Amino acid sequence: MLVIGHIGNGKSTNRYHAPFELQRPDKIRIKMIYQRNLQKFGWDKIPGVEYTDDLEKLLHDPEIQVIVVNTPSDQHYPMAKKVLEAGKHCVVEKPFATSVEEARELFQIAKSKNLMVQCYQNRRFDSDYLTTQKVIQSGKLGELFEVCMHYDYYRPQVPENESSYSRDHAFIYTHACHTTDQVIALFGKPDEVRCDVKQLLGEGRMNDYFDLDFIYGNLKVSVQSSYFRAKVRPSFEVWGRRGYFVKAEQDRQEADLKKFYMPDHADFGIDLPENFGTLIYYDADGNYHEEKVISERGDYGKFHDALYETIINGAPQLVTEEQTMEQMRILELAGKDLK
């Protein structure tokens, strides 16, 4: 049994971790959740879980093997450091840190204590990503030339309500951490990265736009996001020598979770036929094909399955140190001129 503690009792714990951990009672038990102020509960208490405002109690509980850091992003590094120094394995929500230096130190501490520290990259189990990955691996598109990934919102109030720039609120850190990890997990370390990162409301305001190009030989993978997209762009578009694939709709897990429609429902996160992607390609004989691609099922809980295997059975980490450090290098490079 993997015994887990959580630092933070907000949406990350209650929306993206606990529902999936509770689906695995034969493998995982949530023992304790730390909340700074126990008088302010925004979420229903989980039966059987102890809630505490004593961080030291959580850090030094002898049963707890791994602690998940679900704080605001500016607290990821200091809290993760406390967890590791207390001798516990650690999972850190995205972004893993706000600098390469911070990330490197966390991995160094973990190694010195023979512990695991890992970034929570649940978006590797998004339906749209898994479906696109399956199409690419099928070979039907032939040699790949271009991939475009979009993660758009129309939430102008977010940057408009920020009157100054801070790295821990920058779009490049809080949202590019999702898509850049998907790129690195699928294609590996790029040969080159080209960055166009903006503060659309002007210098000194929130970073609210980014366009990153990852170069792999003749392949360009573009990751683009903005808070000012009244109509969102397709989630994935892939062009190859022999065809094209488009997956317009994003994974549905987050939308279901926001409605408190949890993974214990059989149809949780499942695409309807109108959400399926379209594949167009020419086969080896030059024949034209156009078909809908049934979506792969997304499941954020697979991260927790992998975590169990790593800590209990010694399996390699799902998200490696090398992948996290490469992502941190890219994010730091992309945001270097923001101020």
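Close Cβ contacts (under 6 Å, 6 or more residues apart or on different chains) running from residues in segment 38-49 that are part of a loop (DSSP other than H, G, I, E, B) to residues that are surrounded by 11 or more Cβ atoms within 10 Å (Cβ to Cβ) comprise Leu38/Asp53; Trp43/Asn14; Val49/Ile30; Val49/Ile33. Of all the numbered requirements in (1) among the β-branched types (Val, Ile, Thr); (2) farther than 30 Å from Lys292 by Cβ; (3) at pLDDT 95 or above, Val135 misses one, and that requirement is (2). Within segment 299-320, can you find the residues that are β-branched (Val, Ile, Thr) and in a helix (DSSP H, G or I)? Scanning segment 299-320 gives Thr310, Ile311, Ile312.
For every residue, the table says whether it meets (1) surrounded by 15 or more Cβ atoms within 10 Å (Cβ to Cβ); (2) more than 19 Å from the chain's Cα centre (by Cα).
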| residue | (1), (2) |
| --- | --- |
| Gly188 | no, no |
| Cys195 | yes, yes |
| Met206 | yes, yes |
| Lys220 | yes, yes |
| Ser226 | yes, no |
| Glu249 | yes, no |
| Phe260 | no, yes |
| His289 | no, yes |
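Taken together, Met149, Met206, Met116 contain a single residue that is assigned by TED's automatic domain parsing to the domain that holds Tyr77 and in contact (Cβ under 8 Å) with a residue 40 or more places away in the chain, which is Met116. When His17 is tested against the conditions (1) at pLDDT 95 or above; (2) surrounded by fewer than 19 Cβ atoms within 10 Å (Cβ to Cβ), the lone failure is (2).
Restricted to segment 123-182, the set of helices (runs of 4 or more DSSP H) holding at least 3 residues that are under 30 Å from Asp283 (Cα atoms) comprises 127-138. For Ile330, state whether it is crowded, with 20+ Cβ neighbours inside 10 Å, part of a helix (DSSP H, G or I) and touching a residue at least 40 places away in the same chain (Cβ under 8 Å). Judged against the criteria, Ile330 is a match. Picking from residues in segment 20-45 that are under 24 Å from the mean Cα position of the chain (by Cα), over 18 Å from Val83 (Cα atoms) and of a type in the set (A, V, I, L, M), the one that is surrounded by the most Cβ atoms within 10 Å (Cβ to Cβ) is Ile28. Filtering segment 157-181 to residues that are in contact with a Phe, Trp or Tyr (Cβ under 7 Å, 6 or more places away or on another chain) and either over 12 Å from Tyr227 (Cα atoms) or buried (at least 24 other Cβ atoms within 10 Å of the Cβ) (or both) leaves Arg167, Phe171, Ile172, Ala176, His178, Thr179.
The values are calculated or read from the model by the stated rules, or taken from the named source; none is laboratory data. It should be emphasised that the depicted structure is a prediction, and the values quoted were computed from it without experimental measurement. Cβ: placed from backbone, ideal geometry, glycine included. Neighbour counts: every protein chain shown.
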